[in-house]
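**Q** Can you read through this structure? Questions will come right after.
The values are calculated or read from the model by the stated rules, or taken from the named source; none is laboratory data. All values reported here derive from a predicted model rather than from experimental measurement. Cβ: placed from backbone, ideal geometry, glycine included. Neighbour counts: every protein chain shown.
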Amino acid sequence: MFDYTFQWRQAYRALPQMLDGALVTLQIAVLSMVIGVTIAVILAVARNSKSRWLYWPATAWVEVARNTPALFQIYMAHFGLGSFGIYLSPFVALLAGITFNNAGYLCETFRGALRAIPDTQVRAGRSLGMGPAKTFRLIVLPQMLRIAFLPTTNQMVWAILMTSLGVTVGMSTDLTGVTQDLNSRTFRTFELFALAAVLYYAIAKAVMLGARLLAWRLFRY
Amino acid sequence: MFDTALTLNDMLFLAKGAGVTLAITFFAVIGGTVLGLTFGVIRSHIRPWMALPLTFILDIFRSVPLLIQLILANAFQAIAGLQLSPFVTSCVVLALYTSAYCTEIVRGAIDAVPTVTRRAARSLGLTWGQDMTQVVFPMALRVALPSWIGLTLSVLKDSALVLWLGIIELLRSSQILVTRLQEPMTILLITGAIYFALSFPIARLGGRLEKRWQEND
Amino acid sequence: MIEIENVHKSFGSLKVLKGINLTVDKGEVVSVIGGSGSGKSTLLTCINGLEKIDSGRILVDGTEVHAKSTDLNRLRRKIGIVFQQFNAFPHLTVLENVTLAPRKVKGLGKAEAEEIAVKHLEHVGLGDKLKVYPGRLSGGQQQRMAIARALAMSPDYMLFDEVTSALDPQLVGEVLDTLKMLAEDGMTMICVTHEMSFARDVSNRVAFFHKGVMEEIGPPEQIFGEAKSEETRKFLSSVR
C-alpha cells in the first residue's frame, strides 16, 4: 500500500526557512491581536451606547465577524475592496481580515466580562466616595481583565491558526506560505506540511504556556 | 455597484456551492458528534491519566490549522493509495476536527451533572446504562446544546477551507464568479448574506430550544 | 445629624417608602426592623444617595443629599455603608481593600493609609490577614473587612444593611460583636437588622417598618415590651 519513500531529510533542510516563516506568522498574530483588542474595546463601548449611530455599525461588525468564515473576511479585504479601487497586499489583507475577526469576537468577550461583574461591586465603590471613572478603573477593570484573560488567550491561538489562511490570497512569507512555496518546488507535500503542523503546534502550546504563567503571575487572588 | 452582470444562472451556481457547504457541514457534524460522544463518555469515565493519550491526540486537531490538516490528510491518502475523493477526505478531516471540540463539550456536560444526582439514581437501583440514558444524558444535553450549536455554526464557517482541495463550495463558487465578472464586492456581499442565511436558522433553533428548556426547569 | 423628612420612593408602580420621617442624632444607634419588602434597606441607599428619592428630603449634617449642587462623592466619605453581600474587592488583598479609598479618594499616602487600615483591621480582629485575598476569608471575616474598609474613611455615620443575613449562623456572632464594639465607641449608626437580640441590647431606639411606612419607633423596652402598634406585635411574635 505504501509505495512511497518518506524523505524527512528534505523537510529538515527546509527548517530554517520555515522558522523564519513562523516568525512572520507570530508577528501577524501579535499585530492582529494588539489592533484587535483596541478596536474591540471601542466596539464594546459602542455596543453599550444608546446612540444608534454607534450601536448599529458596531453590532454589524460583530455579527459579520462572528457569522461568516474568517477566510471570507480575508477575501473581503483582498478581493472585495478592489471594487473601490483599494488593493491590499496579501500581508495587509491577511492582517486586516484577522484583525476584523479578532475585534468582533473580543468585543463580545469584553462585554461578557463586564456583565459578569456584579452591580454590587460598583455600589461598594461608589459608597466609598469614588466617582464613576475611578470605580471603573480601580474596581471593575481589573476584575474584567481576569475574566477576559483566558478567552483572549484562546483568540490569540485562533489568530495564529488563522494566519495559515494567508496562502489562499497569495501570502508566501508566513509559515504556511513558505511551506507551500517549498512544496511547489519539491512536491514533498506530506513531509513539509507535517513539519509545519509540528511548528504550529509548538507555537500554539508555547503561547498557551506563556499565558498560563502570565496569568499565574498577574492574578494572585 | 448594484447594476450587475450577475445572472440567474450565476445565482444558481452560488446556491449549488451553498449546497456543497451544507453537505460537508452535515457529514462533518454527524461524524464528529458520534465520535465526540464516544470520546467524551470515555473521557469522563476513566481516570485523567488514562485519558491522556486521547486528550493529546484530540488536542492536536485544535492546535494545528485546519488548512494544514486538510493538506496533510489529502497528501496522506494519496501516499497510502486510498483514492479518496477530496470530498470524502474533507468530510473525514472535518469530522475528526469537530470530534475534538465535541469531546470537550460532552465531557464538560457530563461532569456538570452533580455526583449526588447520579448517586441518587444508582441508589434507586438504576444500572449504569439506565443512569446514563435516563438521568445523565437528558441533564447533560441541556448543558451541551448551546455549545454544540455553536460548534455546528463554526464548522459551517470552517468548511470554507476545503476549497484548497479543489472542492467548489460556496466561497470557491463566489471566487469563480469574481474572477469571471470582476464584481468582487457585490458577489462577496451576496456570499456573506448566504452564509448568514445558512447559520441564522441554526442559531435561532438553538436559542428557541434553550429557552423552552429553561421554562420547563 | 441625619434628618429624613417625608421621603417617598417607588420602583415603577411599587411604592417602597411612603412618607418616612426619622431623625438620628450624633452618637445614636437606631435599629430598623421589619419584614422583607418593608422598604428598610432602600432607606439606607437613599441616605447615601445611591438611590434617588421621589419626594421629601434627606439632610446629612444640614446638607441635602439629593440636591443637584451636592457633591455626592464628598458626602459619601462621611457615610460608611456595609451591605448584606460582603462586596469584597476580589482582586485586592485585605489591606489593599481597606487602603483603596483612603488613598484614591482622600489622596492619603501609602504609609499613612496603611497605618489607618491596620488599626481598623486589628480592631475588627483581622490583623493577621493583611496580605490575604478575600477569597480565602470566611463570610464573617469578609464582612468584618467590609466594616473596616468603611471605617478607614473615618465616617461620621455608619449604615448597616442586614450585614449578618448572608452569613452562616455560627459566623453571625463575630460580626455582631464588631457592631456592638462600634456602638460602644460612640459611632452614629443605623442598622437594618433581623437580629432582634442585637436590636434590643445595642440600640437607643428601634424603628419598625411595615409596607413602606414606619409603624412605630421608640426605645427597645417599648418596642419589645409594650408595642403600641398591632402590626409590631404581630411581627415580633412571628420572629420569636
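**Q** Which helices (runs of 4 or more DSSP H) does the stretch A:120-214 wholly contain that include 3 or more residues that are within 11 Å of chain B (Cβ to nearest Cβ), touching a residue at least 40 places away in the same chain (Cβ under 8 Å) and crowded, with 18+ Cβ neighbours inside 10 Å?
**A** Output list reads A:141-162, A:175-186.
**Q** Looking at A:47, A:9, which is the one that is touching a helix residue (DSSP H, G or I) at 6+ places or on another chain (Cβ under 7 Å), modelled with pLDDT under 95 and charged (D, E, K, R)?
**A** A:47
**Q** Here's something else I'd like to know. Please work out which residue is surrounded by the most Cβ atoms within 10 Å (Cβ to Cβ), limiting yourself to the stretch A:82-94 and to residues that are within 22 Å of residue B:164 (Cβ to Cβ) and within 14 Å of chain B (Cβ to nearest Cβ).
**A** A:94
**Q** Give the residue, chosen from C:167, C:176, C:171, that is surrounded by 19 or more Cβ atoms within 10 Å (Cβ to Cβ), farther than 13 Å from residue C:80 by Cβ and either among the small types (Gly, Ala, Ser) or modelled with pLDDT under 90 (or both).
**A** Exactly one of C:167, C:176, C:171 is surrounded by 19 or more Cβ atoms within 10 Å (Cβ to Cβ), farther than 13 Å from residue C:80 by Cβ and either among the small types (Gly, Ala, Ser) or modelled with pLDDT under 90 (or both), namely C:167.
Rundown of residues vs (1) closer than 30 Å to residue C:112 by Cα; (2) assigned to a helix (DSSP H, G or I); (3) over 17 Å from the mean Cα position of the chain (by Cα), yes/no style:
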| site | (1), (2), (3) |
| --- | --- |
| C:147 | yes, yes, no |
| C:154 | yes, no, no |
| C:165 | no, no, no |
| C:172 | no, yes, no |
| C:177 | yes, yes, no |
| C:183 | yes, yes, no |
| C:206 | no, no, no |
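**Q** If you don't mind, there's one more thing I want to ask. Out of B:51, B:120, B:75, report the one residue that is without any contact (Cβ under 8 Å) to a residue 40 or more places away in the chain, in contact with a Ser or Thr (Cβ under 7 Å, 6 or more places away or on another chain) and not β-branched (Val, Ile, Thr).
**A** Matching residue, one of B:51, B:120, B:75: B:75.
**Q** Is it the case that the stretch A:109-117 has a residue that's of a type in the set (A, V, I, L, M, F, W, C), buried (at least 19 other Cβ atoms within 10 Å of the Cβ) and over 30 Å from the mean Cα position of the chain (by Cα)?
**A** Within the stretch A:109-117, none of the residues are of a type in the set (A, V, I, L, M, F, W, C), buried (at least 19 other Cβ atoms within 10 Å of the Cβ) and over 30 Å from the mean Cα position of the chain (by Cα).
**Q** Can you tell me which condition residue A:79 does not meet? The list is (1) modelled with pLDDT of 95 or more; (2) among the hydrophobic types (A, V, I, L, M, F, W, C); (3) closer than 25 Å to residue B:162 by Cβ, and all the others hold.
**A** (1)
**Q** Write out, first by first residue and then by second, each pair whose Cβ atoms fall under 6 Å of each other, whose residues are 6+ apart or on separate chains, and whose first residue, in the stretch B:160-173, is within 10 Å of another protein chain (Cβ to nearest Cβ) and more than 10 Å from residue B:87 (Cβ to Cβ) while the second is polar (S, T, N, Q) and crowded, with 20+ Cβ neighbours inside 10 Å.
**A** From residues that are within 10 Å of another protein chain (Cβ to nearest Cβ) and more than 10 Å from residue B:87 (Cβ to Cβ), the pairs are B:170/B:21.
**Q** Against the conditions (1) at pLDDT 90 or above; (2) more than 30 Å from residue C:97 (Cα to Cα), where does residue C:158 fall short? Just the number, please.
**A** (2)
Results for (1) closer than 28 Å to residue B:133 by Cα; (2) not hydrophobic (A, V, I, L, M, F, W, C), shown as yes or no for each residue.
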{"site": "B:6", "(1), (2)": "no, no"}
{"site": "B:20", "(1), (2)": "no, no"}
{"site": "B:25", "(1), (2)": "yes, yes"}
{"site": "B:35", "(1), (2)": "yes, no"}
{"site": "B:44", "(1), (2)": "yes, yes"}
{"site": "B:52", "(1), (2)": "yes, no"}
{"site": "B:62", "(1), (2)": "no, yes"}
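**Q** Still on this structure, please answer the following. Would you check which residues across the stretch A:36-63 are within 14 Å of chain B (Cβ to nearest Cβ), among the hydrophobic types (A, V, I, L, M, F, W, C) and surrounded by fewer than 16 Cβ atoms within 10 Å (Cβ to Cβ) and list them?
**A** A:60 - this is the single residue of the stretch A:36-63 that is within 14 Å of chain B (Cβ to nearest Cβ), among the hydrophobic types (A, V, I, L, M, F, W, C) and surrounded by fewer than 16 Cβ atoms within 10 Å (Cβ to Cβ).
**Q** With the structure loaded, tell me whether residue B:22 is within 14 Å of chain A (Cβ to nearest Cβ), crowded, with 16+ Cβ neighbours inside 10 Å and assigned to a helix (DSSP H, G or I) or whether it fails that test.
**A** Here the answer is no, as residue B:22 does not meet what is asked.
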